[in-house]
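Note sheet for the following structure.
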Amino acid sequence: MIKAFQLLYQNRQSVSSIKTEEELRAIIHSELLDEFTHPRARLSIQKKYSMALERIENSKLSNKQQQAMVELYKEELEKLSTEDNS
């Protein structure tokens, strides 16, 4: 999972240092919240999720890796949705 994510985001420094699934999930969480973007330029969680799925779909990852990445993003999106409803 970590290797697949690193292949998707090769040009990001923070990605190369990921060692655990917990760190991976934290990065995806931040990615969906668009925390790496200036607050006034941030996109919605749904837009970031859609962009991530498009990136995964257009990647050279195997079908199995793509499915696993989509599932991981979906899980993190659901966590964020649950947090918003609390």
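The values are calculated or read from the model by the stated rules, or taken from the named source; none is laboratory data. Bear in mind that the values here come from a model prediction, so they are computed numbers and not experimental data. Cβ atoms come from the backbone with ideal geometry, glycine included; neighbour counts cover every protein chain shown.
Overview of values
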read-out: Number of the exception - Asp84 against (1) modelled with pLDDT of 95 or more; (2) of a type outside the set (Phe, Trp, Tyr); (3) in a helix (DSSP H, G or I); value: (1)
read-out: Selected residue (criterion: nearest to the chain's Cα centre (by Cα)) from residues of the stretch 42-70 that are in a helix (DSSP H, G or I) and surrounded by fewer than 11 Cβ atoms within 10 Å (Cβ to Cβ); value: Glu54
read-out: Close pairs from the stretch 50-62: first closer than 14 Å to Leu77 by Cβ, partner surrounded by 12 or more Cβ atoms within 10 Å (Cβ to Cβ), Cβ under 7 Å, at least 6 apart; value: Ala52/Glu31; Ala52/Tyr73; Leu53/Val70; Leu53/Tyr73; Ile56/Leu8; Ile56/Gln66; Ile56/Met69; Ile56/Val70
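Listed here are the residues, each with its yes/no results for (1) within 18 Å of Lys74 (Cβ to Cβ); (2) in a loop (DSSP other than H, G, I, E, B); (3) in contact with a strand residue (DSSP E or B) (Cβ under 7 Å, 6 or more places away or on another chain); (4) free of Cβ contacts under 8 Å to residues at least 24 places away in the same chain.
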{"position": "Ala4", "(1), (2), (3), (4)": "yes, no, no, no"}
{"position": "Lys19", "(1), (2), (3), (4)": "no, yes, no, yes"}
{"position": "Glu22", "(1), (2), (3), (4)": "yes, no, no, yes"}
{"position": "Ile28", "(1), (2), (3), (4)": "yes, no, no, no"}
{"position": "Phe36", "(1), (2), (3), (4)": "no, yes, no, yes"}
{"position": "Arg40", "(1), (2), (3), (4)": "no, no, no, yes"}
